[in-house]
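Trainee: Sharing a structure, written as structure tokens. Questions coming.
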Amino acid sequence: MNLMQWTDQELQTLARKGLRRELRQVRGRQASRIEINGREVLNFCSNNYLGLADDERISRRVSEYLMLHGFGAGASRLVCGNMDAHVALEEEIARFKGMEACLLFSCGYMANIGILSALLTRSDVVFSDRLNHASLVDGIQLSRAMLKRYPHNDMKALEGLLQHTSATGKRLIVTDSVFSMDGDIAPLDEIVTLAEKYEAAVMIDEAHALGVMGENGKGLAEHFGVEDKVAIQMGTLSKAAGTYGAYCCGSKSLIDVLRNTARSFIYTTALPGSVAEAGRCALEVMQEEGWRRQALADNITKMRQLLGKAGIRTLGQATPIIPVLVNDNEVAVKFSQQLFEEGILIGAIRPPTVPQGTARLRLTVMATHTPAEIKFVAETMVKIGKQLCLI
Ligand SMILES: *Cc1c(COP(=O)(O)O)cnc(C)c1O
């Protein structure tokens, strides 16, 4: 079989399983309403939780920066690409998170593969939640550390593994803060207790928690009051912060090691300074406008209540990610298509992103959705859910 035959066959296989994906094209602004294929729809599938992705203050700051400094960073940070904007953003993130030091990465995917492959070796063991994000899974594989996966959020199982696994090297527990496809949170309070008892370090991925969880939006570590017990705190600026880029916070020495050894930091061109400037502006707005987190929380409660009362099966808890379990791949796609016809954009999530037989709609709410929009979406979901015999 040659490559052409193989790719044709692959596509047919994907289509037969209802797993072939296509890109939709967005025109105009990235907001709570977006234009897709020439049609304006309500956007209920974005990670832009606080509505900052098209914030004019950020755009203005970036424009000003660009006119002064240009776009490209020219080289990696360690060569000559380390610009004022990168350093200023790292300082601001460290200050906001109350951590000693911070290192920027180009994106969350690169952060996770870089952090894990730099900090773990063949003689270490890593305990990883079964539903952790793909970038954590890939980072662990790259590190060649021994992998012990525990069932999702199962603390008994985690303790059993911690008890019965010995390693010559280090031990690390790794977890998402807010699980991106299930919309639930890790029991971080219990995880840090187990970590102390069994002498393991903890790494969290706050991608969906920064700006959302905790009294000041610092993330799940703040929510549980365990900020000083989580050695490696990674997060992204691409979700609630509405911009792009990712960070790792930790001790001075941890960050210094990463700066020297994380391959996805070293062997790549620095983020454009304007992107770092956008992130810093977004952090400022996030801190100034606490109403956004409050509005988001209100919308989460309202949407979960409306769906729950109508008998729709949702997963997760008090997070902006509200998965509606459908199970069958094709029914999930049909549900999503019918919603689109009603002017609502909610994506169907299928394997391999989620386990076989657990296809779902992944509905996300934003701070900028109006009460009328929340109500309309809930009612429309109930209507279609009934037509598809899901209720
Ligand atoms: C989105 C996401 C990432 C990747 O971040 P990007 O900046 O989009 O590359 C990593 N971890 C989790 C849990 C995520 O949801």
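Trainee: Which residues, taken from segment 319-347, are among the small types (Gly, Ala, Ser) and on the phi > 0 side of the Ramachandran plot?
Mentor: Correct list: 343 only.
Trainee: Further question: Which residue is surrounded by the most Cβ atoms within 10 Å (Cβ to Cβ), if the candidates are limited to segment 170-196 and must be small (Gly, Ala, Ser) and either within 16 Å of the ligand (Cβ to nearest atom) or at pLDDT below 95 (or both)?
Mentor: 177
Trainee: Something else about it: Mind checking which residues of segment 6-36 are in contact with an Asp or Glu (Cβ under 6 Å, 6 or more places away or on another chain), modelled with pLDDT under 95 and either within 18 Å of residue 331 (Cβ to Cβ) or surrounded by 14 or more Cβ atoms within 10 Å (Cβ to Cβ) (or both)?
Mentor: The one that is in contact with an Asp or Glu (Cβ under 6 Å, 6 or more places away or on another chain), modelled with pLDDT under 95 and either within 18 Å of residue 331 (Cβ to Cβ) or surrounded by 14 or more Cβ atoms within 10 Å (Cβ to Cβ) (or both): 18.
Trainee: Check 227, 222 and return the single one that is away from the ligand (no atom under 13 Å from the Cβ), surrounded by 18 or more Cβ atoms within 10 Å (Cβ to Cβ), under 25 Å from residue 317 (Cβ atoms) and free of Cβ contacts under 8 Å to residues at least 24 places away in the same chain.
Mentor: 222
Trainee: Look through 270, 200 and report the one residue that is in contact (Cβ under 8 Å) with a residue 40 or more places away in the chain, among the small types (Gly, Ala, Ser) and within 16 Å of the ligand (Cβ to nearest atom).
Mentor: Among 270, 200, only 270 is in contact (Cβ under 8 Å) with a residue 40 or more places away in the chain, among the small types (Gly, Ala, Ser) and within 16 Å of the ligand (Cβ to nearest atom).
Trainee: Considering only segment 96-134, how many residues are assigned to a helix (DSSP H, G or I), within 14 Å of the ligand (Cβ to nearest atom) and surrounded by fewer than 23 Cβ atoms within 10 Å (Cβ to Cβ)?
Mentor: 3
Trainee: Please specify each residue of segment 314-342 satisfying the condition of being in contact (Cβ under 8 Å) with a residue 24 or more places away in the chain, over 17 Å from residue 364 (Cβ atoms) and either part of a loop (DSSP other than H, G, I, E, B) or charged (D, E, K, R) (or both).
Mentor: Within segment 314-342, 328, 330, 334, 342 meet the criteria.
Trainee: Just one of 282, 378, 297 is under 19 Å from residue 41 (Cα atoms), modelled with pLDDT of 95 or more and not in a strand (DSSP E or B); which is it?
Mentor: Sole residue among the options that is under 19 Å from residue 41 (Cα atoms), modelled with pLDDT of 95 or more and not in a strand (DSSP E or B): 378.
Trainee: Kindly indicate the residue of segment 64-89 that is outside any helix (DSSP H, G or I) and either touching a His at 6+ places or on another chain (Cβ under 9 Å) or at pLDDT below 95 (or both) and also farthest from residue 104 (Cα to Cα) among those meeting that condition.
Mentor: By that ranking, first place goes to 73.
Trainee: Can you confirm whether segment 355-369 contains a residue that is assigned to a helix (DSSP H, G or I), at pLDDT 95 or above and either closer than 28 Å to residue 292 by Cα or touching a Phe, Trp or Tyr at 6+ places or on another chain (Cβ under 6 Å) (or both)?
Mentor: No - not one qualifying residue is present in segment 355-369.
Trainee: State whether the residues of segment 151-167 include one that is within 26 Å of residue 322 (Cα to Cα) and either within 16 Å of the ligand (Cβ to nearest atom) or in contact with a Gly (Cβ under 8 Å, 6 or more places away or on another chain) (or both).
Mentor: yes
The values are calculated or read from the model by the stated rules, or taken from the named source; none is laboratory data. For clarity, every value in this text was computed on a predicted model and none was experimentally measured. Positions of Cβ are generated from backbone atoms using ideal geometry, with glycine treated the same way; all protein chains shown enter the neighbour counts.
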